[in-house]
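Comments concern the structure below.
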Amino acid sequence: MNPEPKSADATVPSPIVSIANVSKTYTNGYQALKNVSLDIQRGEILALLGPNGAGKTTLISTICGIVNASTGSITVGGYDIEADYRITRRMIGLVPQELTLGAFEKVWHTLCFSRGLFGKVPDPGYLEKVLKDLSLWEKKNSILMSLSGGMKRRVLIAKALAHQPSVLFLDEPTAGVDVELRKDMWALVQRLRESGVTIILTTHYIEEAEAIADRVGIINHGELLLVDDKQALMRKLGKRQFIVELEKPITVLPVSLLMLKLDLSLDGCRMTYTYDPHHTDNGINSLLQAINESGLVIKDVHTTKTSLEEIFVGLVKNKTTQTRP
Amino acid sequence: MNTYAIRVIYKYEMLRAFETIAQSFASPVLSTALYFVVFGSAIGGRIQTVEGVPYGAFIVPGLMMLAILTQSIANASFGIYFPKFTGTIYEVLSAPISFIEILIGYVGAAATKSFIIGLIILGTAGFFVPLHIAHPFWMLAFLILTCISFSLFGFIIGLWATNFEKLQLIPMLVITPLVFLGGSFYSVSMLPPAWQTVTLFNPVVYLISGFRWSFFEVADVSVGLSLFMVLIFLAICLLIVWWIFRTGYRLKQ
Ligand SMILES: Nc1ncnc2c1ncn2[C@@H]1O[C@H](COP(=O)(O)OP(=O)(O)O)[C@@H](O)[C@H]1O
Ligand SMILES: [Mg+2]
C-alpha cells in the first residue's frame, strides 16, 4: 500500500524529509520561518528545540500540509508535498501540540475515522495492536471527553499511527506533562523508532532533546540556527569546567595563577577553570601544579559538563548580538 | 479519489447525528408539529381551502421547506465550523484528501440529514391531514436539490464564520425572514398586489411554489421558473465553493 520512496541513487541514503529554503509569512505579515533548510534521515529521532514562538509548530504544520509555505520546497520520501500530496501525506502522522480531540466520540470510532481519512482499508487487528501498545485497549469504548489529559495525548498518538505512517511528527509531546509520564513518553518514542518510524519532535525542554534525540536542530525566531548530531553538538560546544573548592577563602588570585584564566567566586572559596575536553593538552595538570606551588589548600575538586541549555543560551545570545546593528 | 476518506467523513457525520438523535431529528419534527397545530388548526378553522386545497394540507410543503432550509444550513455550517473551532480540522487538512472530497463528505452528510428530516415531517403531516402527492418524482427532485443547495450554502457559511455569532447571523437575519415571507403559510395571490411584486424578489417563494406544485398542482409562479431558480442557486453556491477551493480560503494559513 505504501509507495516506494523515490531515490536517485540507491547507494546514497536519501533523506526521508528534505526541506529546502522554506520561508513562511503569515497573512498578518509576521514571518514565522526564515529560509529554513533541513534534511531528516530515515529512522532517526530529530528534536527541534526552541523557545515558545520560535516557529516549531509552523515548520511541522508546513510539512504536514496544514500551513502553506510562502517560498521553498519540501519533499517526503522523495515526493513533493504539493504536487504529490496524496503520497506524502500517507507517509506522515501528526500528533498536534494541543489536545484537539472530539468530545462525544468513542476512542475506537475516532481511530477508525483517522485510518479511513488517510485512505487505508479498515484493519481492526492493527488498530487493536496500536491501542494495546499505548495501554488504551480498555478504553476503546470510552467517550473521548471522559479521558484524562495523558490518555488524550495517547489517543492522539494512536490516531496519528492509525494509518501506519513512516514519519511521525510529535509537537511538544510532553509539554505540561509530569516527570513520570514524560519518561513513559520517551520510552514510547524509542519503541516507535525501533519499529522503523522516523520521529521528529519539537520541544522547549532541553533535557528532552538531550534524553532521546539522535540529532538536534535549534530554532529561534524562525531561523534554524544549527542542526547537529547530539554528541557532536556537545563535543563542539560542550566546554567543561574544572572547579576547585578552597579550604580558606582568598581575596585575589595569586600571581602564579593569573595566567590561567581562572574565575574566582565572590566569596573567594571557589575557582573555576573552563577547558576543552577534546584538546590534547587541557591544562589541568599545569593548573594543579600551579595551585600546589602557590601554597593554596584544596578542599575538593569536581568537573561539570555544559548542558544543552547553556549551549542554547549561548547560541541564541550570539545570534541576537550578531544581528543587532 | 480517496473514497475511504469521503466514506468516513460521511459516516461519522451521520453517526454524530444519530448519537444526538433528539437534537438532530426530534426537535425539527416537534417544531414542525407545533406550527402545524398553531397554523393548521387555529387558522385552518377560518380558512377552509386555498386554491381548492384544504389549508392543513396546503401548508405541508411550506413547512417541509422551512425545516429543510434551516436544517441544511445549520447542519452543514456547524459540521465544518465545529472542527475549525475545536482544532480537530488539523487531521482533515493533513490527510491525503482534496477539498472536493472534504466537501462531498460534509455536504453529503448534511444534505442526507435534512432529506431524512423532510421525509419524517412528511410522514408526521400524514397523521394530521390526508396527503396526496401529484408528482412524486418532482417532489423528490425539488427536495433533493434543495437539500444539496442549502447544505452547500451552509458549508460556505461555516467556512466563512470565524465565531459563533457569524455562524448564526445569516440563518437568523436572512434565511428565517425569507422563509416566513416565502409563502409557507399562504398563497402569494392572497397578498395585496404591491406585496405580490415585492414577494417575487424573494427566492424562497420560487422554491416553495415549485415544491407545492409537485403536491397539489397549484403554484404561485410557473414550475419551470421554480426549477430554474433552484438550479441557479445551486450554481451560485458551486461557483463560490469553486472559488474557495482555488484560494484555499479560510482553511489553510
Ligand atoms: N496563524 C498565524 N497567524 C499569524 N501568526 C502566527 C500564526 N500562527 C503562529 N504565528 C506566529 O508565528 C510564530 C511561531 O509560532 P509557532 O510556530 O506556533 O511557534 P512554536 O511552535 O515554536 O511555539 C509565533 O510568533 C506566532 O505568534
Ligand atoms: Mg508550537
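The values are calculated or read from the model by the stated rules, or taken from the named source; none is laboratory data. All of these numbers come straight from a predicted model, not from anything done at the bench. Here Cβ is always computed from backbone atoms with ideal geometry, including for glycine, and neighbour counts include all displayed protein chains. SASA here: full protein model, heavy atoms, side chains in, ligands and nucleic acids out. Shrake-Rupley method; radii C 1.70, N 1.55, O 1.52, S 1.80 Å.
Things to note:
- For a label point 7 Å along the Cα-to-beta-carbon line of A:Asp214, residues of the stretch A:172-192 with backbone N under 15 Å: A:189-192
- Cα-Cα over 20 Å, subset of B:Lys11/B:Lys252; A:Lys24/A:Lys230; A:Lys34/A:Lys230; A:Lys230/A:Lys305; A:Lys140/B:Lys84: B:Lys11/B:Lys252; A:Lys24/A:Lys230; A:Lys34/A:Lys230; A:Lys140/B:Lys84
- Convex hull volume per residue for the stretch A:17-235, taking Cα atoms only, in Å³: 121 Å³
- Percent RCO, i.e. relative contact order, over chain A, from Cα pairs under 8 Å lying at least 6 residues apart: 19 percent
- FRET efficiency estimate (nearest 0.05) - Cβ-Cβ, A:Tyr30 to B:Leu15, R0 41 angstrom: 0.55
- Residues in the stretch B:7-41 occluded by at least 50 Å² - accessible area, probe radius 1.4 Å, against chain by itself: B:Val8, B:Tyr12
- Axis angle, to the nearest 10 degrees, between helix A:124-133 and the longest C-alpha principal axis of chain A: 20 degrees.
- Packing, taken as the mean count of other beta carbons within 10 Å per residue, orders the peptides B:203-213, B:12-22, A:218-228 from highest to lowest as B:203-213, A:218-228, B:12-22.
- Residues of the stretch B:86-113 buried by at least 50 Å² on assembly (accessible area, 1.4 Å probe, chain alone as reference): B:Tyr90, B:Glu91, B:Ser94, B:Pro96
- For A:115-127, mean number of other protein chain Cβ atoms within 10 Å: 4
- Here the calculated FRET efficiency for B:Phe164 and A:Asp228, from their Cβ-Cβ distance with R0 = 56 Å, stands at 0.75, rounded to the nearest 0.05.
- Chains A and B together, accessible area buried on both sides, 1.4 angstrom probe, square angstrom: 2400 Å²
- Solvent-accessible area, 1.4 Å probe, carbon plus sulfur percent, for the stretch B:3-247: 74 percent
- Chain B - convex hull of alpha carbons, volume per residue in Å³: 130 Å³
- At a probe radius of 1.4 angstrom, the accessible area of chain A per residue rounds to 49 square angstrom.
- Förster radius 45 Å - calculated FRET efficiency between A:Val179 and A:Cys269, Cβ distance, rounded to 0.05: 0.85
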